[in-house]
1. Exactly one of (1) more than 18 Å from residue 134 (Cα to Cα); (2) surrounded by 15 or more Cβ atoms within 10 Å (Cβ to Cβ) is unmet by residue 69. Its number?
2. Could you tell me whether any residue of the stretch 91-114 is farther than 25 Å from residue 30 by Cβ, surrounded by fewer than 18 Cβ atoms within 10 Å (Cβ to Cβ) and modelled with pLDDT of 90 or more?
3. Looking only at the stretch 62-78, count how many residues are among the β-branched types (Val, Ile, Thr) and over 19 Å from residue 170 (Cβ atoms).
4. What about residue 14, is it of a type outside the set (A, V, I, L, M), surrounded by 23 or more Cβ atoms within 10 Å (Cβ to Cβ) and in contact (Cβ under 8 Å) with a residue 40 or more places away in the chain?
5. Go through the stretch 153-185 and count every residue that is more than 22 Å from residue 97 (Cα to Cα) and modelled with pLDDT of 75 or more.
6. Pairs only if they're at least six apart or on different chains, beta carbon under 9 angstrom, first in the stretch 84-101 and part of a loop (DSSP other than H, G, I, E, B), second of a type in the set (A, V, I, L, M); list them, first residue then second.
Amino acid sequence: ADMVGNTPFQAMLDLGTGTGRLLELFAPLYRRGVGVDLSREMLSVARANLDRADIAHAQVRLGDLYAPPVERDSFDLVTMHQVLHYLDDPARAVREAARLLRPSGRLVIVDFAPHELDFLREQHAHLRLGIADAQMRDWLDDADLELTAGRDIEGAGDQRLTVKIWIARDKRLLIADTDMMKDFA
């Protein structure tokens, strides 16, 4: 949370929400949260987790992250946690996520760094073995987003996987920003 700041977000969208874990973790930071997933089973787990955590300001919806059932330009924060390595067209998913951001909104992507653990393809349906920074930069550039921060989290154990966090910002200025408006008062 410290990487995206502590300002409350009006609205957060978690694409490929799975168990709803990010909606839980970020709950203090947003006023309205939405999680989208294609799996009805995952959505029922997410609903149960949110209920158990007493998070009433988040909901989950069945939907495809290539065409999510939400309004464009309506989220301050969009997250994709361990999603892109499953997708046949991650660049399209990043572009779609960008379209959902409000001006100056943030996109947070968490995924694996490139690795050689080929068994993940068969045992866990990974379509790609991690994502390189240069590849992510290209996807973000194509989506007209600016990479503002990144972090590596080294894994432990024999088959160490490094997890990467990329944070990008919508380049459009938020004209109604109250700090900016003070200058004109």
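1. For residue 69, the exception is condition (2).
2. The answer is yes; a qualifying residue exists.
3. 0
4. For residue 14, the condition - of a type outside the set (A, V, I, L, M), surrounded by 23 or more Cβ atoms within 10 Å (Cβ to Cβ) and in contact (Cβ under 8 Å) with a residue 40 or more places away in the chain - is met.
5. Number satisfying all stated conditions: 5.
6. 87/65; 87/93; 87/127; 88/127
Every residue, every condition in (1) assigned to a strand (DSSP E or B); (2) of a type outside the set (Lys, Arg); (3) out of contact with any Lys or Arg (no Cβ under 8 Å at 6 or more places or on another chain), yes or no:
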| residue | (1), (2), (3) |
| --- | --- |
| 11 | yes, yes, no |
| 23 | no, yes, yes |
| 34 | yes, yes, no |
| 54 | no, yes, yes |
| 72 | no, no, no |
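The values are calculated or read from the model by the stated rules, or taken from the named source; none is laboratory data. Only a predicted model underlies this, so the values are computations on that prediction, with no experimental measurement involved. Positions of Cβ are generated from backbone atoms using ideal geometry, with glycine treated the same way; all protein chains shown enter the neighbour counts.
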